[in-house]
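Input: a single structure, listed below in structure tokens.
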Amino acid sequence: MNKILAISASPRRNGNSELALRAFCHAAEENGISVELIRLQELRLEPCRGCELCEADGICVVKDKMQPLYEKVATVKGLVLATPIYYGSLSAQLKIFMDRFQSWWQAKYRLNRPFVHLDDGKIGYIISVGALQRPDFADNAVSIAKVFFHSINYNFGGNLSLQGLDRKGEINDNPAALVKASRAGKEFIGRYML
């Protein structure tokens, strides 16, 4: 069965990016596709140490809550990331998550034993939410996500950038933003998951 791993990278529970992520994933649930939402802030992940011990086998030696996430990313069909935009980029929580896939980079490029193959047809997507009415402020986050997805052999399935949302939960007072997230989710599901 197709499954989506939804990663909320906001330091705030039920922040705007997480609420947009939920609206996006609602289309999957309506179509019987399982969605698992993970809040990175609750996991207290350690950053990559740059120790390169993963060079031997592609396995990260840091033992924390990241270990089960590797297996989830390897087995799901879709990976949807949601982040607030901070200073024109993604949240620290999401960057730590991405950096911890250095072990997968080693497995792919140094060992020629990737954990996911491009022809597996896995799809990645990024949702970003920012306070300023500057769509270009999300460009950096999208570029980083594209590099990340490429490195772990996920196809890039698109992005949604929402602006003008700052206070926690403010998206609930902006039906147009929630509709955009929902429509983006329906398009993603229709194109890649069904």
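Quick note: the coordinates plus some simple rules give every number you see, no bench work behind them. These figures come from a predicted structure and were not determined experimentally. Glycine gets a Cβ as well: all are built from the backbone with ideal geometry, and neighbour counts include every protein chain shown.
How about residue 65: which lysines have a C-alpha closer than 27 Å to its C-alpha, ignoring those fewer than 8 places off in the same chain?
Excluding near neighbours in sequence, the set is 3, 77, 95, 108, 122, 146, 168.
Just want the ordering: 178, 79, 118, from fewest to most Cβ atoms lying within 10 Å of their own Cβ. If you can, show how the numbers build up before the last one.
Values: 178 19, 79 23, 118 13.
Neighbour counts put them in this order, fewest first: 118, 178, 79.
Could you put 87, 192 in order, starting from the residue whose Cβ has the fewest other Cβ atoms within 10 Å?
Values: 87 7, 192 19.
Neighbour counts put them in this order, fewest first: 87, 192.
Multiply the residue gap between residue 2 and residue 75 by 0.36 nm, knock off their C-alpha separation, and tell me the result in nm, one decimal place.
On the way: separation 73, 0.36 × 73 = 26.28 nm, distance 0.93 nm.
Computed gain between residue 2 and residue 75 is 25.4 nm.
What is the extension gain from residue 56 to residue 155, computed as 0.36 nm multiplied by their sequence separation minus the C-alpha to C-alpha distance, in nm to one decimal? Each step should come with its number before you reach the end.
Values: separation 99, 0.36 × 99 = 35.64 nm, distance 2.62 nm.
Roughly 33.0 nm would be gained on extension.
Would you please give the FRET efficiency between residue 14 and residue 136, computed as 1/(1 + (r/R0)^6) with r the Cβ-Cβ distance and R0 = 35 Å, to the nearest 0.05? Display every interim value, and only then the final one.
Values: r = 27 Å, r/R0 = 0.77.
With R0 = 35 Å, the Cβ-Cβ based efficiency is 0.80.
List the residues, sorted by chain then number, that are 5 or more residues from residue 130 or on another chain and whose placed amide H is less than 5 Å from its amide H.
85, 162, 163, 164, 165
What order, most packed first, do the peptides 89-100, 65-76 have when packing is the mean number of other Cβ atoms within 10 Å of each residue? It would help to have the intermediate numbers written out before the result.
On the way: 89-100: 21.1, 65-76: 15.2.
By packing density, highest mean first, the sequence is 89-100, 65-76.
Using only alpha carbon positions, build the gyration tensor of the range 1-146, then give the equivalent ellipsoid semi-axes as the square roots of 5 times its eigenvalues, largest first, whole angstrom. If you can, show how the numbers build up before the last one.
Working: eigenvalues 124, 73, 41 Å².
Taking √(5λ) for each Cα gyration eigenvalue gives 25, 19, 14 Å.
Give me, ordered by chain and number, the residues 5 or more places off residue 156 or on other chains with an amide H under 5 Å from its own placed amide H.
Here 124 satisfy the definition.
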